[in-house]
Amino acid sequence: PNYEGNEDERPQHNVYVNAFYLAKYEVTKALWDEVRAWGLNNGYPDLPAGGGKAANHPVNAINWYSMVKWCNARSEQEGLTPAYKVNGSVYKTGESAPTVDAMANGYRLPTEAQWEFAARGGVNTQNYEYSGSNDIDAVAWYNQNSGNVTHAVATKQANELGLSDMSGNVWEWCESWYPGYEGTDRVGRGGGCGDFAIGCRVAVRNGGNPSGSNVSIGFRVARSSVP
């Protein structure tokens, strides 16, 4: 796709976000496997095996629904309050659009605004084109340096907040609906190992059906900043 001048990136506007936590790394296959094993024995019957080139590579081939159920499983595993519910109950199985408890201290996907704020370096931003640099090779695995395969997380330079791989490696699902497609598509950000440099800019936005999964998209987790 031609991202240059993409109307999807306009209009530029101010967005305010509350304090939150965001993982330094994309969820790895090893971490996915660990939480999945716990979940399968604790009421999360349909968490998929997922894909991943190696234990320290980002997990992929997981759809949006599975990611948020995994977030709930990890929350319960660590004694935190799950963030996602369906009809008032903790979301554990099936494919339903859950409600999000913003006051829960458990794991969840970042909103699109939170993702972009963090990718741009937050309050420490240097306004780079990619997350952490204007030199994409310093911060991202993309189609010119990756061999079109994922790489171990955190093997490129981190951004201003110490966050790795927010440009490249795998696309990352966000919690937010894709504008204009509410109810059908969720937002993905960041670009992946098979994308051209222009697709890994922090401004680029993408969207897709939350039931879909492929090897180019993974995720990282967030948590609300609550007492």
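Among (1) in contact with a strand residue (DSSP E or B) (Cβ under 9 Å, 6 or more places away or on another chain); (2) more than 22 Å from Trp115 (Cβ to Cβ); (3) of a type outside the set (Asp, Glu); (4) free of Cβ contacts under 8 Å to residues at least 40 places away in the same chain, there is one condition Gly94 misses while meeting the rest; what is its number?
The single condition Gly94 does not satisfy is (4).
Do you know which of the residues in the stretch 181-227 that are of a type in the set (A, V, I, L, M) and in a strand (DSSP E or B) is nearest to His57 (Cα to Cα)?
Of everything passing the filter in the stretch 181-227, Ile217 is nearest to His57 (Cα to Cα).
Consider the stretch 67-77. How many of its residues are closer than 15 Å to Asp33 by Cα and open to solvent by 10 Å² or more (accessible area, probe 1.4 Å)?
Residues flagged as closer than 15 Å to Asp33 by Cα and open to solvent by 10 Å² or more (accessible area, probe 1.4 Å) within the stretch 67-77 amount to 2.
Can you name every residue in the stretch 125-151 that is part of a helix (DSSP H, G or I) and crowded, with 17+ Cβ neighbours inside 10 Å?
Selection gives Ile136, Val139.
Taking the stretch 152-176, which residues are of a type outside the set (A, V, I, L, M), under 22 Å from Val187 (Cα atoms), in a loop (DSSP other than H, G, I, E, B) and open to solvent by 10 Å² or more (accessible area, probe 1.4 Å)?
The answer is Asn159, and nothing else.
Tally time: how many residues in the stretch 89-124 are open to solvent by less than 70 Å² (accessible area, probe 1.4 Å), more than 22 Å from Asn209 (Cβ to Cβ), in a loop (DSSP other than H, G, I, E, B) and modelled with pLDDT of 95 or more?
Number satisfying all stated conditions: 4.
The values are calculated or read from the model by the stated rules, or taken from the named source; none is laboratory data. The structure presented is a predicted model; accordingly, all values stated were derived computationally and were not measured. Positions of Cβ are backbone-derived with ideal geometry, glycine not excepted, and every protein chain shown enters the neighbour counts. Heads up: the accessible areas ignore ligands, DNA and RNA and are worked out on the full protein's heavy atoms, side chains in. Shrake-Rupley method; radii C 1.70, N 1.55, O 1.52, S 1.80 Å.
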